[in-house]
Amino acid sequence: MRTCYCLSFLFWTCMLHVVHMTPSPKRTTKNSQKGRILGFSQDDGKTLHRSKRGWMWNQFFLLEEYTGPDTQYVGKLHTDQDKGDGNLKYILTGDGAGSLFIIDENTGDIHAAKKLDREEKSLYVLRAKAIDRKTGRQVEPESEFIIKIHDINDNEPKFTKDMYTASVPEMSGVGTSVIQVTATDADDANYGNSAKVVYSILQGQPYFSVDPETGIIKTALPDMSRENREQYQVVIQAKDMGGQMGGLSGTTTVNITLTDVNDNPPRFPQSTYQFSSPESASLGTPLGRIKANDLDVGENAEIEYSISKGEGSDMFDIITDKDTQEGIITIKKQLDFENKMLYSLRVEAANTHPDPRFFHLGPFKDTALIKVSVEDIDEPPVFSRSSYIIEVDEDSKEGTIIGQVIAQDPDTTKNAIKYSVDRHTDLDRIFNIYSGNGSIFISKPLDREENPWHNITVIATEINNPKQSSQIPVFIRILDINDHAPEFAKYYETFVCENAKAGQLVQTVSAVDKDEPPRGHKFFFELVPEFAVHPNFSVVDNKDNTAGILTRRNGYSRSKMSTYLLPVLIFDNDYPIQSSTGTLTIRVCACDSRGNMQSCNAEALLLSAGLSTGALIAILLCIIILLVLVVLFAALKRQRKKEPLIISKDDVRDNIVTYNDEGGGEEDTQAFDIGTLRNPEAREESKMRRDVIPETIFQIRRTAPLWENIDVQDFIQRRLKENDLDPTAPPYDSLATYAYEGNDSIANSLSSLESLTMDGNQDYDYLSDWGPRFKKLADMYGGDDSDRD
């Protein structure tokens with residue numbers, strides 16, 4: 001402590017000497033004649049004197065981080081106005097005044113109250129003044145001075161990052177820059193070596209080195225391989241005081257990764273691969289995968305596979321799986337065991353991104369041998385063509401062979417084949433095929449005009465293995481023959497004027513033909529020979545498949561002939577020649593001078609009867625009036641109130657119709673006939689119900705005929721059900737009984753039920769006397785034989 005105190009005393013003495021020698025700016029005041037001086041001193045009682053009045057300032061230095069037992073003395077304020085009687089008061093203001101720096105207001109001594117840190121604040125600006133205690137008047141103008149904190153080496157170097165991450169390509173040369181690290185020291189770089197930093201490597205040798213001044217890390221070994229070692233951890237130290245002993249230091253860690261370069265070629269792990277595939281495998285089917293190993297990573301390990309020219313290069317293909325870097329072998333063409341059973345192909349694997357710097361290491365590709373064996377399977381039949389086109393004349397007879405399809409079993413067994421036609425493609429069964437040899441023949445007549453093309457499918461199936469089958473389309477074209485006669489293109493109906501001249505064109509006609517001759521249609525027109533004698537009209541062939549109808553005389557009379565039917569003969573030019581007759585209707589009409597039609601047959605007849613236009617209108621009006629009256633009469637009749645069936649609302653009795661009269665015997669045709677029940681079809685549809693007054697004749701709904709032996713009761717129940725559901729039945733109930741035979745019948749009962757109660761056998765011989773109508777009953781009951789039957 002004593003040594004430090006002496007050094008501080010000498011330092012401040014030297015500084016005060018400099019202050020005394022430094023010129024100061026001049027300031028004048030109103031009391032310039034008094035010559036008072038305020039100065040700074042670090043010697044107790046020794047005041048610096050000036051020849052001129054005014055404040056003087058300079059800078060003072062304090063050591064940072066002072067750890068002495070007492071407060072650190074800064075300096076002393078003093079003025080020549082201070083007589084030592086305590087009348088003056090010294091005041092200190094500015095940075096840290098009162099907290100960091102305190103002043104004795106009586107003596108002007110300034111001390112540092114706390115330990116100072118230059119790194120927090122290196123400069124303090126303070127202002128000093130002296131005032132009279134009694135008057136409070138400032139005896140000297142306020143003066144400003146600076147206190148600087150003197151640095152000591154109390155901060156170690158610090159790196160900008162606690163950990164650095166860097167990378168460098170593998171196989172780099174010695175001295176390749178990797179990364180630069182930077183450390184800073186908070187001490188004053190302008191004072192001593194406290195902030196002078198030197199870098200060194202503590203860990204990471206002999207692979208890397210560091211520049212001691214710049215902190216740049218470089219490679220120290222050549223040809224470092226990522227495949228051998230990829231990660232390195234380097235520790236760098238930064239030390240101040242120029243790296244001398246006693247300096248402070250800091251460290252950081254740098255993680256260095258060797259990045260990959262394409263310095264390794266792909267290599268197959270084995271020289272030969274074997275695969276197999278059935279011959280029925282479809283195109284594009286993968287057979288297997290192969291992979292060449294590459295020690296590099298990323299794009300440097302990307303591989304492209306290819307098949308070398310030679311055997312199998314046209315049958316197989318190989319594609320690269322970008323995710324796994326594998327080669328996938330696929331089928332390029334259809335395999336055939338009977339054609340070839342084994343393929344040998346050479347596959348090459350090469351890097352897609354080679355690095356020219358490492359070409360000296362060797363070719364960056366490798367090859368392997370691939371053997372593919374084809375497995376035999378039972379194949380379906382194969383047709384000789386992919387499709388068939390057959391042409392046949394439409395007049396070919398049934399049973400005519402029109403063509404043949406051929407298929408064979410491609411397997412070595414050469415199984416027999418049968419042929420058939422897919423009936424879904426030939427619903428009309430127009431064609432058929434011989435199952436043994438594939439010959440197609442006609443089963444029904446052909447008609448080109450109805451269907452010019454037929455597309456059928458033929459199926460070939462192995463006899464020993466019906467599951468093996470194949471199909472082939474067969475296109476059958478029907479060739480046209482001239483089997484249709486030409487006819488008018490439409491129905492022609494025209495007119496001729498009464499004042500027409502000979503040779504005047506009445507109508508131009510054309511024809512059509514359903515046939516399609518190869519050279520196109522050619523039609524000829526002429527009059528039917530029977531009408532060629534003294535004709536009223538002539539036909540002129542225009543040689544363009546049309547003909548003109550011309551008049552042959554001057555003038556036509558409607559009264560003599562109102563309509564002419566002109567038959568025209570049309571025939572074609574194909575073989576065999578086909579012809580037809582078309583009839584042209586020509587009406588005779590009245591025309592104006594320019595040939596425009598004014599009136600024809602109907603009006604001419606009316607006019608010849610002497611009826612004028614007014615008379616015709618009157619007749620039409622009368623007819624309309626009569627029609628209106630008829631309509632009104634029908635409407636009024638419908639609105640008439642209908643007579644109700646039951647007059648009184650209280651009368652709700654049912655209509656009971658009894659049929660208790662057996663009638664006048666067999667000759668009475670008006671009586672009820674039980675045969676109607678057994679044969680509903682025999683009833684008379686014109687008969688109406690006799691129990692009510694009919695208003696509208698309802699149509700009797702026919703039902704399905706019943707069997708002859710149907711039970712009468714069952715029939716009645718069916719009829720009741722039908723009438724209940726019949727919407728045309730009248731809205732009233734009607735009960736008809738059929739179980740009562742009536743009273744006072746001359747004939748006894750024929751029921752066999754009562755015969756059981758009678759003693760003995762009854763005699764039915766009288767039935768034979770009743771005539772032929774009762775012969776059946778007489779045969780049934782009239783003898784012992786019938787009883788036994």
**OP:** For region 583-589, just list the computed ³J(HN,Hα) in residue order, Karplus coefficients 6.51, -1.76 and 1.60, θ = phi - 60°, integers in Hz, with x standing in for Gly and Pro.
**Re:** 9, 9, 8, 10, 9, 8, 10
Subject >> Cα-based Lys proximity count in region 299-432, under 18 Å, for pairs eight or more positions apart or on separate chains >> reply: 10
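Working with all protein chains in place, sort VAL382, VAL506 by solvent-accessible area computed with a 1.4 Å probe, largest first. Present the calculation step by step, with values, prior to reporting the outcome.
Details: VAL382 75, VAL506 25 Å².
These residues rank, largest area first, as VAL382, VAL506.
Kindly work out what percent of the DSSP beta bridges joining two residues of region 160-265 are antiparallel, to the nearest 5. The partial results should precede the final answer.
On the way: 20 of 27 bridges.
Counting DSSP beta bridges with both partners in region 160-265, the antiparallel share is about 75 percent.
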**OP:** Give a residue-ordered list of calculated ³J(HN,Hα) values for region 291-307 (Karplus: 6.51 cos²θ - 1.76 cosθ + 1.60, θ = phi - 60°; whole Hz; x for Gly, Pro).
**Re:** 9, 9, 8, 9, 6, 6, 10, x, 5, 5, 9, 5, 10, 10, 9, 8, 9
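How about region 490-599: which chymotrypsin sites (Phe, Trp or Tyr not before Pro) there are in a DSSP loop, with at most 10 other Cβ atoms within 10 Å of their Cβ?
Qualifying residues, ordered by number: TYR491.
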Original post:
Taking region 250-345, which GluC sites (Glu not before Pro) meet the DSSP loop condition and have no more than 15 other C-beta atoms within 10 Å?
Top reply: GLU311, GLU338
Original post:
Which of TYR199, GLN274, MET241 sits farthest toward the positive end of the charge dipole of region 198-296, with +1 on the Cβ of Lys and Arg and -1 on the Cβ of Asp and Glu?
Top reply: GLN274
**OP:** Output the direction-averaged projected area (hull surface divided by four) of the convex hull of the alpha-carbon atoms of region 475-577, in nm².
**Re:** 7.8
Subject >> Heavy-atom accessible surface of region 405-466: percent carbon and sulfur, 1.4 Å >> reply: 50
Original post:
Points 7 angstrom from Cα along the Cβ direction at GLU526 and LEU202: gap in nanometres?
Top reply: 13.1
Original post:
How high is the relative contact order of region 74-192, in percent, with contacts defined as C-alpha pairs under 8 Å that are six or more residues apart?
Top reply: 21
Subject >> Phi to ³J(HN,Hα) by Karplus 6.51 cos²θ - 1.76 cosθ + 1.60 over region 171-182, Hz, x for Gly, Pro >> reply: 6, 6, x, 5, x, 5, 5, 9, 6, 10, 9, 9
**OP:** Please sort by residue number the trypsin sites (Lys or Arg not before Pro) in region 254-326 whose DSSP state is loop and whose Cβ has at most 15 other Cβ atoms within 10 Å.
**Re:** LYS309, LYS322
**OP:** Describe numerically, in nm with one decimal, the distance between label points set 7 Å from Cα along Cα→Cβ at LYS161 and at ARG477.
**Re:** 8.2
Original post:
Counting alpha carbon pairs within less than 8 Å and at least 6 residues apart, what relative contact order, in whole percent, applies to region 318-428?
Top reply: 21
Original post:
When only Cα pairs under 8 Å and 6 or more residues apart are kept, what is the percent relative contact order across region 415-525?
Top reply: 21
Original post:
Residues of region 439-496: accessible area per residue at 1.4 Å, in Å²?
Top reply: 51
Original post:
Based on Cβ point charges of +1 for Lys and Arg and -1 for Asp and Glu, what charge dipole magnitude is obtained for region 106-194 about its Cα centre, in debye rounded to the nearest 20?
Top reply: 620
**OP:** Round to the nearest 0.05 the FRET efficiency obtained for SER435 and ASP544 when R0 = 56 Å and r is the Cβ-Cβ distance.
**Re:** 0.55
Original post:
Between LEU116 and residues 5 or more places away or on another chain, which pairs have amide H atoms under 5 Å apart, with H built 1.01 Å from N, and which residues are they?
Top reply: GLU65, TYR66
Original post:
In whole percent, how big is the carbon plus sulfur part of the accessible area of region 494-573, probe 1.4 Å, protein atoms only?
Top reply: 53
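The values are calculated or read from the model by the stated rules, or taken from the named source; none is laboratory data. These figures come from a predicted structure and were not determined experimentally. No Cβ is skipped: glycine too gets one built from the backbone with ideal geometry, and neighbour counts run over all protein chains shown. To get the accessible areas, we keep the full protein, side chains included, count just its heavy atoms, and leave off ligands, DNA and RNA. Shrake-Rupley method; radii C 1.70, N 1.55, O 1.52, S 1.80 Å.
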